[in-house]
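Reviewing the structure listed below.
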Amino acid sequence: MKPSASSANDKSTLATANEVLSGQSKKGWLARLLPFLGPAFIASVAYMDPGNFATNIQGGAKFGYELLWVILGSNLMAMLLQSLSAKLGIATGQNLAEHCRNQYSHRVVIGMWVIGELVAIATDLAEFIGAALGFNLLFGIPLWVAGLLTAVVTFLILGLERYGFRPLEAVITAFIAVIAVCYLAEMILARPDVPTVLYYTFVPHFSGTESVLLATGILGATVMPHALYLHSALTQDRIVTKNPKQQRRLFHFELVDVFIAMGIASTINAAMLIMAARTFFDHGLTSIGTIEQAHLTLVPLLGSAASWVFAISLLASGLSSSSVGTMAGQVIMQGFLHRHIPPWIRRVVTMLPSLIVIFLGLDPTRVLVLSQVVLSFGLPFAIIPLVTFTSRRDIMGELTNMRITTFLASAVAVLIVALNVFLLYQLIFNG
């Protein structure tokens, strides 16, 4: 059978990558890098999904610029953890969920699978509702109609997988570019005070329990457990080499992929909070707590163009992250249970909770924030195995973590668990 143009692009990408890894390529540095870009961009969508809109808008509106340092710290943690996930797939040819199935008892695996599925549902809830809100704000259509439209568009995006990995990577990257351009426009319109932004980016601040709750939500919306499972799957069979030297070179290129993609995600997250702080907090509008309120309030403050730009960025975020979330759900089920179901079935099943939330008339933004808290509780069950596996030479071979890497990743795991315990205590005893 004659290959399609897109599958031919995949073959060309792989051929170029193999030339680079073998040291035979004579191309410039950027041309050598391009074949390796893609996996981190898909995974990074999880770090700028509608849940980030909700937590960053609330954080900026209520506390101004104070939580910018949380975004910086969360994204540095994310860079470290996503690089470990990518390395696991490169070194072993298996993803994180598959390693969990191989290394733990059947009962533990079932429990981890249940937690993984709850994480996938919470993820999909945020992403699906966010895309539906984007359609609703842009075109004024009812939320339930917007939800169905979101499902249809997601099906179309996921259908690109049959044509190879490059078309899907290209579409997801295009969505990221749309979000980035939209928030660049928002920053130009908002004109924040740069020295103030820099100060709060590097100097930690908290203003009571509510700020800690939102900080934990930001962490949950930034370091995403399903992205850790997904990234290892994206690298496990994309470019395969068993040569230790070539594996190290491949991982170095993947580090660049992670740095660029997560750097963009970090900048977009910071821009979300800065926009909310400059537009709402600086004008005394600290009660702005929902995405719909933010959209409406932007009109008198920054003009109608700002509200359109905001809605477009939300829609691009929701559609791309909803597609990526479905992919992650497939990886979780296949990895833990060694079973595969068609993406359209998973899409239908995971969209039901979102439609229920819409039909019940619950506050979408509050649901988004709470979903991020659920995600933060699921993080230890992905992070701890990831750090454990990547520090074992019998699993990783030449790509085993250095001691400093394992120490830093372990410190991140301890910090996240401690924050979650504190958050649980506050929710139980202080409502």
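So the values come out like this:
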| item | result |
| --- | --- |
| Sorted peptide list for 137-143, 69-75, criterion being average Cβ within 10 angstrom, highest first | 69-75, 137-143 |
| Under-5 Å amide H pairs with Gly64, H placed in peptide plane, nonlocal only | none |
| Convex hull projection area averaged over all views, the range 44-177, Cα basis, nm² | 11.1 |
| Under 22 Å from Lys27, Cα to Cα: lysines that are on another chain or at least 8 residues apart | Lys11, Lys245 |
| Among Tyr163, Tyr65, Tyr183: highest mean-square fluctuation, GNM of the chain, C-alpha pairs under 10 Å | Tyr163 |
| For the range 410-416, 3J(HN,Hα) per residue [Karplus equation, 6.51 cos²θ - 1.76 cosθ + 1.60, θ = phi - 60°, Hz, x = Gly/Pro] | 5, 4, 4, 4, 4, 4, 5 |
| Between 0 and 90°, nearest 10: helix 343-360 axis offset from the chain longest Cα axis | 10 |
| Two-site label geometry, Phe259 and Val152: point separation in nm, points 7 Å out along Cα→Cβ | 4.4 |
| In sequence order, calculated HN-Hα J values of the range 13-20 (Karplus, 6.51, -1.76, 1.60; Hz; x Gly/Pro) | 4, 5, 5, 5, 4, 5, 5, 5 |
| Length added when fully stretched, Val181-Ile141, from 0.36 nm per residue minus Cα-Cα | 11.9 nm |
| Per principal axis, descending, Cα span of the range 157-218 in whole Å | 50, 29, 17 |
| Measure of compaction for the range 106-227 (Cα Rg per 2.2 N^0.38 Å) | 1.38 |
| Nonlocal amide H pairs with Ser207, under 5 Å, H built at 1.01 Å | Val212 |
| Hydrodynamic radius of the chain per Kirkwood, over alpha carbon pairs, in Å | 21.8 |
| Residue-span extension gain [Ile404 to Tyr163] - 0.36 nm each, minus C-alpha spacing | 82.7 nm |
| Nonlocal amide H pairs with Asn401, under 5 Å, H built at 1.01 Å | Ser391, Arg392 |
| Neighbour-count order for Leu14, Leu21, Leu30, fewest beta carbons within 10 angstrom listed first | Leu30, Leu14, Leu21 |
| Residue-span extension gain [Leu360 to Ser207] - 0.36 nm each, minus C-alpha spacing | 51.8 nm |
| Per-bin percent of Cα-Cα distances, the range 183-287 [10 Å] | 11, 33, 27, 18, 10, 2 |
| Using θ = phi - 60° and Karplus 6.51 cos²θ - 1.76 cosθ + 1.60, couplings along the range 58-66 (whole Hz; Gly, Pro as x) | 5, x, x, 5, 8, 10, x, 8, 4 |
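No lab work stands behind these numbers, since they all come straight from the coordinates. Quick caveat: nothing in here was measured; it's all calculated off a predicted structure. Because the Cβ atoms are built from the backbone with ideal geometry, glycine has one as well, and the counts that use them run over all protein chains shown.
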